[in-house]
1. Output the residues belonging to the range B:22-56 that are closer than 25 Å to B:His116 by Cβ and either aromatic (Phe, Trp, Tyr) or touching a Phe, Trp or Tyr at 6+ places or on another chain (Cβ under 8 Å) (or both).
2. Tell me which residues, restricted to the range A:185-237, are assigned to a helix (DSSP H, G or I) and within 16 Å of A:Lys145 (Cβ to Cβ).
3. Tell me, which residue of the range B:93-137 that is acidic (Asp, Glu) and open to solvent by 10 Å² or more (accessible area, probe 1.4 Å) is farthest from the other protein chains (Cβ to nearest Cβ)?
4. Residues that are surrounded by 13 or more Cβ atoms within 10 Å (Cβ to Cβ), touching a residue at least 24 places away in the same chain (Cβ under 8 Å), more than 21 Å from A:Ser121 (Cβ to Cβ) and in the same structural domain as A:Ser129 (by TED's automatic domain parsing): does the range A:197-205 have at least one?
5. Which condition number does A:Thr87 fail, the rest of (1) hydroxyl-bearing (Ser, Thr, Tyr); (2) assigned by TED's automatic domain parsing to the domain that holds A:Gly206; (3) buried (at least 17 other Cβ atoms within 10 Å of the Cβ) being met?
6. Of all the residues that make up the range B:23-82, how many are assigned to a strand (DSSP E or B) and either open to solvent by 30 Å² or more (accessible area, probe 1.4 Å) or among the β-branched types (Val, Ile, Thr) (or both)?
7. Which number in (1) polar (S, T, N, Q); (2) more than 9 Å from chain A (Cβ to nearest Cβ); (3) within 16 Å of DNA strand C (Cβ to nearest atom); (4) within 24 Å of A:Ser86 (Cα to Cα) marks the one condition that B:Ser55 misses?
8. Kindly list the number of the only condition in (1) under 19 Å from B:Ile107 (Cα atoms); (2) out of contact with any Leu (no Cβ under 8 Å at 6 or more places or on another chain); (3) open to solvent by 30 Å² or more (accessible area, probe 1.4 Å) that fails for B:Ala192.
2 protein chains.
Amino acid sequence: MNETQNRPVKTAETSFALLEQLAQADGDALGVTELAQRLDLAKSTVHRHVGTLESLGVVVRDDDEYRIGLRLLDYGLRARDQHALSTVARPKVEELAEETGEKVWCITEQQGRSVHLYGASGKNSVQTSARAGAWGYLHQHAAGKAILAHLPAERVQHIVDGHGLPAKTPHTITDENELFEQLEQIADRGYAFNREESIAGLHAVGAPITDDDGVATGAISISGPANRLKGEWLTETLPDLLLGATNEIELNLSFS
Amino acid sequence: MNETQNRPVKTAETSFALLEQLAQADGDALGVTELAQRLDLAKSTVHRHVGTLESLGVVVRDDDEYRIGLRLLDYGLRARDQHALSTVARPKVEELAEETGEKVWCITEQQGRSVHLYGASGKNSVQTSARAGAWGYLHQHAAGKAILAHLPAERVQHIVDGHGLPAKTPHTITDENELFEQLEQIADRGYAFNREESIAGLHAVGAPITDDDGVATGAISISGPANRLKGEWLTETLPDLLLGATNEIELNLSFS
DNA sequence: GGCTACGTTCGTATAACTCGAACAAGAGTT
DNA sequence: AACTCTTGTTCGAGTTATACGAACGTAGCC
């Protein structure tokens with residue numbers, strides 16, 4: 001197919017392996033020796049790489065240590081801005097947060113994984129580990145399942161084959177058949193639930209944003225504590241609000 | 001010195017040159033041939049590169065065209081989160097926008113350039129081309145001049161030598177002596193003005209956020225239309241509000 | 001149906017990347 | 001204060017792996 005089984009550019013891979021290390025080292029910077037050990041490279045190699053990356057602005061040096069640089073903020077936010085959902089859906093996401101008082105996220109899919117584009121907080125929003133730019137698994141979230149339910153079956157299969165169904169809580173769907181059953185329900189009803197499948201004590205509703213062909217390009221979720229998101233509020237009111245928002249977003253997307 | 005006059009890693013440079021092209025191509029994706037022409041590379045080289053970058057998640061392919069990928073959003077936002085100002089200053093920035101009704105930006109310096117970390121909009125905020133993640137020249141902005149005024153003189157000289165004083169409007173400071181004079185004033189008074197030096201019709205006030213040694217780590221600016229930001233409101237009230245905010249931020253920074 | 005433009009593949013020359021050893025510099029320790 | 005250990009840095013050389021160009025496959029267009 002169009003899968004390039006070409007040899008990848010090793011140098012580019014090590015560049016991003018370095019960035020990954022620096023990004024993971026939350027807060028404190030890393031030195032040449034430590035980076036070389038972690039990536040099993042010669043010190044001189046790392047030295048040369050970080051020097052280049054520094055001149056590109058993607059890493060920054062404090063004295064003799066390196067941290068991730070802000071040129072990546074430029075690239076990253078431009079990547080987000082180029083996504084149709086970032087401009088069109090944002091007002092609606094904030095509106096939903098205001099109306100419900102809960103945390104609302106706009107999510108998209110890339111290469112079989114979920115990416116949190118941005119979120120909005122309501123008055124009673126919970127603080128979770130979720131953050132904009134974070135990557136996750138589609139089957140672990142309400143919004144992710146909503147996306148999966150509105151993707152061609154072959155792509156879903158390909159995603160499941162490629163990434164598996166890793167668990168995050170005891171309630172995460174780990175069985176392929178169970179997932180496909182749920183996805184069918186979700187496709188019928190138009191929205192998905194997440195009952196402690198990603199974080200213990202957290203419930204959520206998610207609805208997809210689809211293009212003219214009915215294929216999901218993203219999704220929006222409302223999440224909050226399980227003891228508040230329950231009963232009709234969870235199963236009726238929130239889905240209604242959500243579908244109202246996504247429908248409007250889809251309309252705006254069609255004419256832009 | 002510590003300036004590596006080593007040969008840079010060319011492969012890493014072309015990787016980021018590709019990303020730069022894709023980031024600049026706002027909206028529409030680029031094909032292999034076009035990228036090869038722009039960067040003066042062989043098609044096969046570009047093909048191999050974008051294939052690698054795709055597997056890393058930093059570029060994404062639509063059919064036969066490539067656009068910038070959301071893995072960079074992850075890196076970029078983590079880079080911002082690692083910056084002390086992003087967590088500490090944000091509430092104050094939003095408060096200022098609320099109080100003044102104008103646009104408020106939090107800015108930092110990296111490698112002699114300014115980077116907009118994030119902004120907050122008040123009720124009457126103007127819409128400019130400014131966006132989070134954008135890079136600019138320190139001498140063109142109120143916040144940038146505030147930073148320059150609180151940097152060691154040798155670093156300022158080094159920055160001016162390295163980047164020059166390019167103009168953006170007829171009012172931009174382009175003379176080195178004039179800049180140094182203004183910086184002295186700004187250092188004395190504690191805040192800087194921008195009178196149509198970056199955008200015609202736009203005024204701004206900027207104040208630095210300094211560390212325990214008095215060196216600027218960033219700055220905050222309030223900007224709005226010239227016919228609204230004038231008189232005592234511009235020269236007295238806004239600076240007072242601004243200094244109140246930055247002082248508080250500096251205190252919070254000392255104890256974190 | 002042929003022409004053009006594009007993405008893709010492959011083999012090869014050589015450019016440039018990786019390595020290791022040696023050097024310099026600083027901090028911590030006795 | 002001398003010594004040691006660790007760190008960043010430089011350099012040269014071997015060889016890997018990168019870039020190229022030509023050829024192929026393919027789709028769209030005239």
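1. Scanning the range B:22-56 gives B:Leu22, B:Ala23.
2. A:Gln185, A:Ile186, A:Ala187, A:Asp188, A:Arg189, A:Leu234, A:Thr235, listed by residue number.
3. The qualifying residue farthest from the other protein chains (Cβ to nearest Cβ) is B:Glu99.
4. Checked against the condition, which is being surrounded by 13 or more Cβ atoms within 10 Å (Cβ to Cβ), touching a residue at least 24 places away in the same chain (Cβ under 8 Å), more than 21 Å from A:Ser121 (Cβ to Cβ) and in the same structural domain as A:Ser129 (by TED's automatic domain parsing), the range A:197-205 yields at least one hit.
5. Unmet condition: (3).
6. Matching residues across the range B:23-82 total 7.
7. Evaluating B:Ser55 over (1) polar (S, T, N, Q); (2) more than 9 Å from chain A (Cβ to nearest Cβ); (3) within 16 Å of DNA strand C (Cβ to nearest atom); (4) within 24 Å of A:Ser86 (Cα to Cα) leaves (2) as the failure.
8. (3)
The values are calculated or read from the model by the stated rules, or taken from the named source; none is laboratory data. Quick caveat, the model's predicted, so the values are computed rather than measured. Cβ atoms come from the backbone with ideal geometry, glycine included; neighbour counts cover every protein chain shown. In case anyone asks, the SASA skips ligands and DNA or RNA and just uses the protein heavy atoms, side chains included. Shrake-Rupley method; radii C 1.70, N 1.55, O 1.52, S 1.80 Å.
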